[in-house]
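Engineer: Handing you this structure, nothing more for now.
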Amino acid sequence: MARLNLILLAIAVTCALSAVTANHKARKLFIELDREQSRMHQLDVEWGQLQLEQSTWASHARIEKIARDKLQMKTPDPKQTLTLDGGKQ
């Protein structure tokens, strides 16, 4: 009988240690998940900021200003432009 009690005690201790280990791993994974979700949110915010910055850099008004100021480009006089019909019949 004592031997059976000893075996049952060993099984109970093993189960308890397994439960503690599993709980510890679950907590570590949850912390890691929370950290990665926070990082994902930061990357989403950064992505939005980069898209806004890209649209600012590529705006028509900015490109036109650079063309005029830095490249000394100007809109041609309408008398100097020629419009082609594109082949419609």
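The values are calculated or read from the model by the stated rules, or taken from the named source; none is laboratory data. Predicted model, so just to flag it, every value in this text is computed and none were measured. Cβ sites come from the backbone with ideal geometry, for glycine too, and all protein chains shown count toward neighbours.
Engineer: Return a yes/no flag: does the range 57-69 have any residue that is more than 35 Å from the chain's Cα centre (by Cα) and either at pLDDT 95 or above or not aliphatic (A, V, I, L, M) (or both). Walk me through how you get there before you give the answer.
Structural biologist: Taking the range 57-69 and keeping what is more than 35 Å from the chain's Cα centre (by Cα), we get 68-69.
Next, from what is left, pick out any that are either at pLDDT 95 or above or not aliphatic (A, V, I, L, M) (or both): 68-69.
Scanning the range 57-69, I find at least one residue that is more than 35 Å from the chain's Cα centre (by Cα) and either at pLDDT 95 or above or not aliphatic (A, V, I, L, M) (or both), so the answer is yes.
Okay, residues lined up against (1) under 32 Å from the mean Cα position of the chain (by Cα); (2) at pLDDT 95 or above:
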| position | (1), (2) |
| --- | --- |
| Ala2 | no, no |
| Glu32 | yes, yes |
| Leu52 | yes, no |
| Pro76 | no, no |
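Engineer: Exactly one of these conditions fails for Leu9: (1) surrounded by 10 or more Cβ atoms within 10 Å (Cβ to Cβ); (2) outside any helix (DSSP H, G or I). Give me its number.
Structural biologist: Only one criterion in (1) surrounded by 10 or more Cβ atoms within 10 Å (Cβ to Cβ); (2) outside any helix (DSSP H, G or I) is unmet by Leu9, namely (2).
Engineer: Just checking, how many residues over the range 57-72 are assigned to a helix (DSSP H, G or I), surrounded by 10 or more Cβ atoms within 10 Å (Cβ to Cβ) and not hydrophobic (A, V, I, L, M, F, W, C)? Lay out the reasoning, then the answer.
Structural biologist: Pass one, the range 57-72, residues assigned to a helix (DSSP H, G or I): 57, 60-69.
Now drop any that are not surrounded by 10 or more Cβ atoms within 10 Å (Cβ to Cβ), which leaves 62-68.
Filter once more, so that each one left must be not hydrophobic (A, V, I, L, M, F, W, C): 62, 64-65, 68.
Looking only at that region, the number is 4.
Engineer: Within the range 76-87, does at least one residue satisfy the condition of being among the β-branched types (Val, Ile, Thr) and either surrounded by 10 or more Cβ atoms within 10 Å (Cβ to Cβ) or in contact (Cβ under 8 Å) with a residue 40 or more places away in the chain (or both)?
Structural biologist: As a first pass, look at the range 76-87 and keep what is among the β-branched types (Val, Ile, Thr): 81, 83.
When the remaining residues are screened for being either surrounded by 10 or more Cβ atoms within 10 Å (Cβ to Cβ) or in contact (Cβ under 8 Å) with a residue 40 or more places away in the chain (or both), the result is none.
Checking the range 76-87: not a single residue is among the β-branched types (Val, Ile, Thr) and either surrounded by 10 or more Cβ atoms within 10 Å (Cβ to Cβ) or in contact (Cβ under 8 Å) with a residue 40 or more places away in the chain (or both).
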